[in-house]
Amino acid sequence: MTAAERAERLRFRWVALVGVLLVGCVESTNASPSPSRSPEPTLSSAPTVGVTTSLPIPSLDATSERFVLPDEFAANLSYVSPDGRFVAARARDWGRVVLYRITKPVPRPPLLELTPVAEVRGFAGQISWLEDSSAVLVGSDLDPTGSIQNHDPSGQSQRIAILNTDGRVVIAPQMAHEILEHRAQMSPDGDWIFVADLCCAQQVLMLSRDGNEVRRVVAPAPAGVFVGFAGWDRDGLLLYSEVTDGHSALVAVDLAGAEHYRIAVPREFGTVLVGIVASAPDRSWQLLELSGGMGSSVRARRLLVGRELRSVPDGLEGSPYGAFAFGNEIVYAGDDGALRAYQPIGGRVRDLPLHLDLSRGPATVGISGGYFVWMERITGYVADVETGRRVTFPLRSPLNVSIVERARLADYHSDDNAVVLFDLATIAKQ
């Protein structure tokens, strides 16, 4: 198989891989001229949403808060902001996204209230929150009649709308068609956001935070070469994965496209894609996952420290049970189900007082505020990472949840169209 054929097989795999690796999932010329803007969508005046439902409303206690989306929207298609203060609600027919502010009336009623802030109409294929919760990006065709039934599958008509939490809506220039699902991957300085032209366009584009400029940072790759966004290094340089002639590398460039350094992936891995699965708060280290294309069994992890690739403990190398950043450590479950914390800089591995029952097919969710969440078959658990104290709580199978800051988790229901915000710290102390 030629290098060109290998790159072609990798393209669709890369789009899915980056979205998964960078969720929480989906990164050498100057700015391209911006086409004329489409009229910004306007939000019709609307009062606070009355969140009522014909289904029984369970009593609430200090462990959770709950709101129900209006019937037009689907909870299982929507997404709460990282700080838990907003929700981007997607219509059941995918034809509209409304940004709501989540408020807690005083005195507290059985349900939270939702106040509309901004909206965009048209088929909405992607929802992606900025990490600072200041805006949600929506990939939309901007056609008020567009829906899942009649959208353009080519993506040519899709544009990116930035719905700011202060109510401003900005439509990005036309060449920005796609975003990573769930988390948008801003630059460390908060000025740029990774976007893509179309699925298989071999280039790396950046959208300015204000939504007015798209900058081509990595020019379209020649035949036989694959490029794809990976992330950012500690100095704010953009990292992208390059595959050529059967070899792979991680390349660092500035936003003018000038190359600063490249790190060759060991030849033993051959043609692999590179993504970031965990990172120190200051990006002093980042855990990379190396993955082959379709049909490949290659999957390995390496630690990026500065410009050096380092090996990781055997249990972390291919663990399917998590690799979660926990301060300056990486938490993972080994082949025996025991949880461990690895300190990348010092190389120390310490045992945590938690153990997963591997015979029950655990599915790990993540860590928020020092509390670890996972599911074994149909039973959900939350535990204090340091003390090991665990309790059960009502997660649903299949899992449809997202981690929220300050020891919280959002659970999206399809049956009663509700979103429940669990207080993990309170639950774990019961």
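The values are calculated or read from the model by the stated rules, or taken from the named source; none is laboratory data. Note that this is a predicted model, so its numbers are computed, not measured. As a convention, Cβ positions derive from the backbone with ideal geometry for all residues, glycine included, and neighbour counts pool all protein chains shown. What goes into the accessible areas is simple: the full protein's heavy atoms, side chains included, and nothing from ligands, DNA or RNA. Shrake-Rupley method; radii C 1.70, N 1.55, O 1.52, S 1.80 Å.
Things worth noting here:
- Restricting Phe393, Phe372, Phe422 to those that are in contact with a Gly (Cβ under 7 Å, 6 or more places away or on another chain) and among the aromatic types (Phe, Trp, Tyr) reduces the list to Phe393.
- Total residues in region 219-240, condition in contact with a Leu (Cβ under 8 Å, 6 or more places away or on another chain) and in a strand (DSSP E or B): 9
- Region 210-224, residues that are modelled with pLDDT of 90 or more and open to solvent by less than 50 Å² (accessible area, probe 1.4 Å): Gly211, Glu213, Val214, Val217, Val218, Ala219
- Being of a type in the set (S, T, N, Q), modelled with pLDDT of 95 or more and closer than 30 Å to Arg216 by Cβ is a condition met by no residue of region 263-276.
Yes/no matrix, rows are residues, columns are (1) aromatic (Phe, Trp, Tyr); (2) farther than 17 Å from Asn76 by Cβ; (3) touching a strand residue (DSSP E or B) at 6+ places or on another chain (Cβ under 9 Å):
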position	(1), (2), (3)
Val365	no, no, yes
Arg377	no, yes, yes
Phe393	yes, yes, yes
Asp416	no, no, yes
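- Screening region 168-196 for residues that are acidic (Asp, Glu) and assigned to a loop (DSSP other than H, G, I, E, B) and picking the one that is surrounded by the most Cβ atoms within 10 Å (Cβ to Cβ) gives Glu181.
- Looking only at residues of region 151-167 that are over 24 Å from Pro116 (Cβ atoms), surrounded by fewer than 16 Cβ atoms within 10 Å (Cβ to Cβ) and of a type outside the set (Ser, Thr, Tyr), we find that the one that is modelled with the lowest pLDDT is Gln156.
- Residue within region 276-291 that is over 21 Å from the mean Cα position of the chain (by Cα), open to solvent by less than 40 Å² (accessible area, probe 1.4 Å) and of a type outside the set (A, V, I, L, M, F, W, C) present: no
- Those residues of region 314-328 which are open to solvent by less than 30 Å² (accessible area, probe 1.4 Å) and either farther than 25 Å from Ala407 by Cβ or touching a Pro at 6+ places or on another chain (Cβ under 8 Å) (or both), in sequence order: Gly315
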